[in-house]
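**Student:** Quick one: this structure, given as structure tokens, is what I'll be asking you about.
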Ligand code: YSA
């Protein structure tokens with residue numbers, strides 16, 4: 001008991017955690033005296049061991065408890081001391097937290113999706129890696145057809161598998177029609193890739209937004225109404241657009257839509273009335289236009305160049321700025 005009292009005093013006199021740990025090791029470390037006494041218990045004669053063991057256990061428990069208590073007190077003291085050394089200057093100017101924001105093309109895509117949603121279009125998606133069938137054949141562009149040159153293609157290895165990075169979002173038309181029945185209206189935004197020289201209005205990757213509306217008695221007039229509404233809602237003013245006759249194998253008739261800018265007309269999208277061969281490729285019965293079309297399906301489709309729309313909306317004169325990763329450019333949005 002005398003020992004216990006002495007050791008406890010020693011523990012209570014420890015002025016910091018470091019000193020306390022030194023005392024703890026003195027008794028409980030590998031070579032500590034209490035550890036040693038406990039270890040040697042086994043070497044004592046039975047009678048002697050019976051006498052000493054209970055006292056030693058009491059000593060061990062009491063000292064451990066005393067160390068624990070002192071450690072708690074010292075830790076609380078040290079925490080207080082640390083806090084009193086800290087202070088806050090409430091008059092100092094705050095540190096500004098810099099917040100990021102969406103890329104201008106993502107913002108534009110969200111806006112465009114919103115406009116088409118308000119016109120009753122559902123947003124769908126398709127894969128960026130496509131098969132030759134969806135990117136070309138099902139769209140009435142057979143092998144060796146000169147129209148394949150319009151979509152300079154990145155083919156994936158091994159070439160025998162005929163996989164490619166989609167050159168336009170039009171394959172989503174086929175994927176959707178294969179699993180859905182008309183009437184419907186959809187848009188499919190996404191990234192496309194072309195193996196072509198880049199300049200201020202062309203890049204090797206860019207964003208398109210496919211649109212497709214299929215129903216009975218759909219005409220170019222419906223397309224014009226939708227597209228006029230789209231431009232008005234997006235630019236929040238009347239903008240000048242024009243339809244130019246053009247050729248895409250998956251539409252008949254086909255056209256391109258240009259928008260007037262300060263520097264002249266800029267091509268924004270391709271479009272047209274879905275070709276009967278495309279409807280046949282997905283198992284739809286196409287309308288016979290010669291017989292007024294009442295029995296079959298008709299539809300219009302379009303593919304908007306989203307980067308070009310963004311260039312017009314945000315007054316950007318070089319498409320490559322979108323992909324340069326220059327923070328000085330991105331910060332302006
Ligand atoms: C046509 C008829 C339909 O029924 C449906 C869709 C289409 C569009 C067709 N799939 C297509 O890709 N046409 S396109 O080659 O003329 O591209 C469409 C739009 O993408 C262009 O009007 C232009 O705005 C944009 N574009 C084309 N090449 C580009 C580009 N934008 C940036 N960089 C390029 N290299």
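**Student:** Considering only segment 139-151, state which residues are over 21 Å from residue 304 (Cα atoms) and near the ligand (Cβ under 10 Å from one of its atoms).
**Tutor:** none
**Student:** To continue, here is another question. Go through segment 193-211 and count every residue that is near the ligand (Cβ under 7 Å from one of its atoms) and crowded, with 23+ Cβ neighbours inside 10 Å.
**Tutor:** So the count comes out to 2.
**Student:** Of the numbered conditions (1) farther than 30 Å from residue 232 by Cα; (2) in a helix (DSSP H, G or I), residue 117 satisfies every one except a single condition; which is it?
**Tutor:** Among (1) farther than 30 Å from residue 232 by Cα; (2) in a helix (DSSP H, G or I), residue 117 violates only (1).
**Student:** Determine, yes or no, whether residue 154 is surrounded by 20 or more Cβ atoms within 10 Å (Cβ to Cβ) and either within 14 Å of the ligand (Cβ to nearest atom) or under 23 Å from residue 307 (Cβ atoms) (or both).
**Tutor:** No, not satisfied.
**Student:** So which residues in segment 120-138 are closer than 30 Å to residue 325 by Cα, away from the ligand (no atom under 14 Å from the Cβ) and part of a strand (DSSP E or B), if there are any at all?
**Tutor:** First, pick out the residues of segment 120-138 that are closer than 30 Å to residue 325 by Cα: 123-130, 135.
Within this subset, residues satisfying the condition of being away from the ligand (no atom under 14 Å from the Cβ) are 123-125, 127-129.
Once the filter is applied, which keeps residues that are closer than 30 Å to residue 325 by Cα, away from the ligand (no atom under 14 Å from the Cβ) and part of a strand (DSSP E or B), segment 120-138 yields 123, 129.
**Student:** Moving on. Residues that are farther than 30 Å from residue 331 by Cα and assigned to a strand (DSSP E or B): does segment 139-153 have at least one?
**Tutor:** Checking segment 139-153: not a single residue is farther than 30 Å from residue 331 by Cα and assigned to a strand (DSSP E or B).
**Student:** Tell me which of these residue 209 doesn't satisfy, since it passes every other one: (1) farther than 18 Å from residue 110 by Cα; (2) touching a helix residue (DSSP H, G or I) at 6+ places or on another chain (Cβ under 7 Å).
**Tutor:** (1)
**Student:** Moving to a separate point now. If you go through segment 301-311 one residue at a time, do you hit one that is part of a strand (DSSP E or B), surrounded by 22 or more Cβ atoms within 10 Å (Cβ to Cβ) and more than 10 Å from the ligand (Cβ to nearest atom)?
**Tutor:** Looking for residues that are part of a strand (DSSP E or B), surrounded by 22 or more Cβ atoms within 10 Å (Cβ to Cβ) and more than 10 Å from the ligand (Cβ to nearest atom), one finds none in segment 301-311, hence no.
**Student:** Hey, residue 272 hits all of (1) over 24 Å from the mean Cα position of the chain (by Cα); (2) in a loop (DSSP other than H, G, I, E, B) but one; which does it fall short on?
**Tutor:** Condition (2) is where residue 272 drops out.
**Student:** Report the residue count in segment 242-268 for those that are assigned to a strand (DSSP E or B), crowded, with 18+ Cβ neighbours inside 10 Å and in contact (Cβ under 8 Å) with a residue 40 or more places away in the chain.
**Tutor:** 4
**Student:** Name the pairs whose Cβ atoms lie under 7 Å apart, with the first residue in segment 168-190 and under 20 Å from residue 115 (Cα atoms) and away from the ligand (no atom under 12 Å from the Cβ), the second modelled with pLDDT under 95 and in a loop (DSSP other than H, G, I, E, B), and 6 or more positions between them or separate chains?
**Tutor:** Matching pairs, first to second residue: none at all.
**Student:** Could you run through segment 104-130 and say how many residues are within 14 Å of residue 309 (Cβ to Cβ) and in contact with a helix residue (DSSP H, G or I) (Cβ under 9 Å, 6 or more places away or on another chain)?
**Tutor:** Qualifying residue count for the region: 10.
Table: residues versus (1) at pLDDT below 90; (2) more than 30 Å from residue 188 (Cβ to Cβ).
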residue: 25; (1), (2): no, yes
residue: 61; (1), (2): no, yes
residue: 72; (1), (2): no, yes
residue: 99; (1), (2): yes, yes
residue: 115; (1), (2): no, no
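**Student:** Now for a separate question. Inside segment 125-151, can you point out the residues that are crowded, with 18+ Cβ neighbours inside 10 Å and farther than 24 Å from residue 203 by Cα?
**Tutor:** Once the filter is applied, which keeps residues that are crowded, with 18+ Cβ neighbours inside 10 Å and farther than 24 Å from residue 203 by Cα, segment 125-151 yields 138, 140.
**Student:** Mind checking which pairs have a first residue in segment 32-55 that is in contact (Cβ under 8 Å) with a residue 24 or more places away in the chain and a second that is surrounded by 13 or more Cβ atoms within 10 Å (Cβ to Cβ), Cβ under 7 Å, 6 or more apart or different chains?
**Tutor:** From segment 32-55, the pairs are 34/27; 34/28; 34/59; 34/60; 34/63.
The values are calculated or read from the model by the stated rules, or taken from the named source; none is laboratory data. This structure is a prediction, so every number in the text was calculated from the model and none was measured. Here Cβ is always computed from backbone atoms with ideal geometry, including for glycine, and neighbour counts include all displayed protein chains.
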